[in-house]
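The values are calculated or read from the model by the stated rules, or taken from the named source; none is laboratory data. These figures come from a predicted structure and were not determined experimentally. With ideal geometry, Cβ positions are generated from the backbone for all residues, glycine too; neighbour counts draw on all protein chains shown. Quick note on the areas: whole protein, heavy atoms, side chains included, nothing else; ligands and nucleic acids left out. Shrake-Rupley method; radii C 1.70, N 1.55, O 1.52, S 1.80 Å.
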Amino acid sequence: MTKPEFYQRQRDEMVERQIRGRGVKDERVIAAMQKIPRHMFVDKAFVDRAYDDGPLPLPERQTISQPYMVALMTQSLLLTGKEKVLEIGTGSGYQTAILSRLADRVFSIERHPRLGRQAERTLHDLGIHNALVRIGDGTHGWAEEAPFDAILVTAGAPKVPPAYLDQLKDDGRLVIPIGDDTQQMLYRFTKTKEAIFEEELVACRFVKLVGRYGWEAVK
Ligand code: SAH
C-alpha cells in the first residue's frame, strides 16, 4: 500500500467510525473530511495519530480539535457552498481547509503568528486559494469583510463577543463554545430580522479565546 492509500484508508475509517458512526449526516461535510489530509496539519511527532479520535497538541500550547467536533461544528453552520464564512482560531488550519471546500470564501483569524503563518503555508501547499488567514485578535471579528453568512469560533469564550452578531447577515449562523476555562457549551445563534435564536448543541472543551472581548492573556 502506498502512503497516500494508507492515509486514505485511515480517513475512510475515521469518517465511518467517528463521524457517520456518531450521527453526522451532512454528506458534503463527510466528503470534505474524507478528502482533506489531516496528517498534513499536525506536528511531525503526531502524524501517526492524526486520524485518532481526539484532539492533538499544536505549538503555543494550542490544540487541533477532535475530528468529530470539527464535523459537528461544520455541519451546524448549514453551508451550501455559496457562503462567506469567518473563522476565529485558525490554529493548524485544518478546520479552515474543511470550510474552504464547503463555502465560497473563508476568512480566518489567528492570534499566534507562528500558527497562522504555518497554517497559511499548509493551505497553500494543498492548493486552497479561497481561504485568507489574518494574524490578530479575532474577538473584534473582521469588519472590512463583514457581513458573513456564518461565523465559527474554535476557542472557548466567557461570553459572546458583540462584534460577531453585528457582523452576521440576516439568517446567518454563529457557532461558538461558551463557558468557563474547564467546560463549555457549544451554541448556535441564528440571527433573523426580528430576533436572535439560541440553541445548545453539545458540551465541549476548547482552549481559551484570548483577547479584548474574550479571556485575558496569562503573562
Ligand atoms: N480550528 C483549529 C483549532 C485551534 S485551537 C484547528 O483546526 O487546528 C484554537 C485557536 O484559537 C488557537 O490556535 C488559538 O491561538 C486561537 N485563538 C485564541 N484566541 C484567539 C483570538 N482572540 N483571535 C484569534 N485566534 C485566537
- Number of the exception - Asn130 against (1) within 15 Å of the ligand (Cβ to nearest atom); (2) within 16 Å of the chain's Cα centre (by Cα): (1)
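In this structure, does Leu115 turn out to be part of a helix (DSSP H, G or I), of a type in the set (A, V, I, L, M), surrounded by 17 or more Cβ atoms within 10 Å (Cβ to Cβ) and under 16 Å from the mean Cα position of the chain (by Cα)?
Working: part of a helix (DSSP H, G or I): yes; of a type in the set (A, V, I, L, M): yes; surrounded by 17 or more Cβ atoms within 10 Å (Cβ to Cβ): yes; under 16 Å from the mean Cα position of the chain (by Cα): yes.
When the stated conditions are applied, Leu115 passes them.
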- Task: Identify, from the list Arg22, Arg17, Arg28, Arg61, the residue that is free of Cβ contacts under 8 Å to residues at least 40 places away in the same chain and surrounded by fewer than 21 Cβ atoms within 10 Å (Cβ to Cβ).
- Result: Arg17
- Mind listing just one residue for me: the one in region 167-199 that is of a type in the set (D, E, K, R) and assigned to a strand (DSSP E or B) and, of those, nearest to Glu145 (Cα to Cα)? Lys169
- Kindly check whether there is at least one residue in region 43-51 that is under 25 Å from Pro161 (Cβ atoms) and open to solvent by less than 10 Å² (accessible area, probe 1.4 Å). no
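Does Leu152 satisfy being within 21 Å of Arg205 (Cα to Cα), among the hydrophobic types (A, V, I, L, M, F, W, C), touching a strand residue (DSSP E or B) at 6+ places or on another chain (Cβ under 7 Å) and free of Cβ contacts under 8 Å to residues at least 24 places away in the same chain? Break it down stepwise before answering.
Details: within 21 Å of Arg205 (Cα to Cα): yes; among the hydrophobic types (A, V, I, L, M, F, W, C): yes; touching a strand residue (DSSP E or B) at 6+ places or on another chain (Cβ under 7 Å): yes; free of Cβ contacts under 8 Å to residues at least 24 places away in the same chain: no.
Answer is no for this residue.
Quick check on region 190-200. Is at least one of its residues within 17 Å of the chain's Cα centre (by Cα) and in contact (Cβ under 8 Å) with a residue 12 or more places away in the chain?
Within region 190-200, not a single residue is within 17 Å of the chain's Cα centre (by Cα) and in contact (Cβ under 8 Å) with a residue 12 or more places away in the chain.
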- Task: Look through Met69, Met40, Met33, Met73 and report the one residue that is open to solvent by less than 40 Å² (accessible area, probe 1.4 Å), farther than 26 Å from Gln167 by Cβ and touching a residue at least 12 places away in the same chain (Cβ under 8 Å).
- Result: Met33
- Here the residues within region 201-219 that are in a strand (DSSP E or B), more than 9 Å from the ligand (Cβ to nearest atom) and touching a residue at least 24 places away in the same chain (Cβ under 8 Å) are Leu201, Val202, Cys204
- Checked region 56-84 for anything near the ligand (Cβ under 9 Å from one of its atoms) and at positive phi; matches are Glu60, Arg61
- Residues of region 139-166 being assigned to a helix (DSSP H, G or I), within 11 Å of the ligand (Cβ to nearest atom) and surrounded by 22 or more Cβ atoms within 10 Å (Cβ to Cβ), in sequence order, are Thr139
- Query: Scanning region 189-219 for residues that are within 25 Å of Lys169 (Cβ to Cβ) and among the basic types (Lys, Arg), which turns out modelled with the lowest pLDDT?
  - Reply: Lys193
